[in-house]
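Let me begin by presenting the structure, written as structure tokens, before commenting on it.
The values are calculated or read from the model by the stated rules, or taken from the named source; none is laboratory data. Predicted, not measured: the structure shown is a model, and the values here were computed from it. Here the Cβ positions follow ideal geometry from the backbone for every residue, glycine too, while neighbour counts run over all protein chains shown.
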Amino acid sequence: MSPLLIGGLLAAGLLVLISIGFISHGLERARLERARQAAEISARIKIGNGIMAALPGQFLPAELGTLLLHIEVQLLEKLARINKNAEDVNKRLAASRAQLEQNQPPSNAPVTLDTEAKGKEARIQLENLHKQLQQAEADGLIDKAALKKWSAQIRQYLVTATLDTFNATAKQGMQQGKPRVAKLQYERAIAYLTKLNNPAFNEHLKQYHALLQRAQAAVIAQDQAPTGAPSELDAGMEEMESADDLWKKKAVYDD
């Protein structure tokens, strides 16, 4: 065998090895990319399920539930295309499709946001919801009009959740003979609305200033003459009830 032929065979062998290396590397990169995409989609599906399960019912109307279910179906379809043999994904996809076709959006019972923990959890879920919708719009799963509509609604829900927590905690304070607790909550509500700097809240600010004055009067009465405190607390409760009624009748956010 001539040296030229030997050299040619060696070069061909080296070329084959290099080609195999490139092919293997490309296949590995494709596998890792599929795994990354699958993990990302799975995480988004998990977050979406968490939102649908934990969002208080007053913030999950049927239309929004249907939209979230529609997004979930599209994400599951993507995941099924990546993991074609994933039986669990196909089962979940079939169940979600059936739920959507039967017009059975997720629904939850309303939650009274009467503690800081409940209010915080509701706001976290609403913020997660907003991020989920933003990502869905970026991926073409929903259109810009839907994102704009629900972004405005979520802002309204965030305001409602925050003020509902202040109201409920203040009400508990007045009922328990702790006007200082109510005073603090009204101060926080005023600071919150002032920071929003929205003329739509002017009437609510007036109500909270009136409630704050009542709470301050109750604090003074409690300190100076405990026997006079109940009348101040009762007055504060009556004023607070009127504020609650106003809150329910008027929109809390004017986009």
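Miscellaneous remarks
- For segment 172-184, the set of residues classified as more than 13 Å from residue 218 (Cβ to Cβ) and surrounded by 18 or more Cβ atoms within 10 Å (Cβ to Cβ) is empty.
- In segment 173-182, the condition of being in contact with a Pro (Cβ under 9 Å, 6 or more places away or on another chain) and at pLDDT below 95 is met by at least one residue.
- Any hit, segment 219-238, residues being at pLDDT 90 or above, hydrophobic (A, V, I, L, M, F, W, C) and in contact with a helix residue (DSSP H, G or I) (Cβ under 7 Å, 6 or more places away or on another chain): yes
- Qualifying residue in segment 42-52 (condition: part of a loop (DSSP other than H, G, I, E, B) and closer than 21 Å to residue 134 by Cα): no
- Test: residue in segment 144-151 that is crowded, with 18+ Cβ neighbours inside 10 Å and either at pLDDT below 95 or farther than 23 Å from residue 74 by Cα (or both): no
- Candidates 12, 80, filtered to the one that is modelled with pLDDT under 85 and either within 23 Å of residue 96 (Cα to Cα) or in a helix (DSSP H, G or I) (or both): 12
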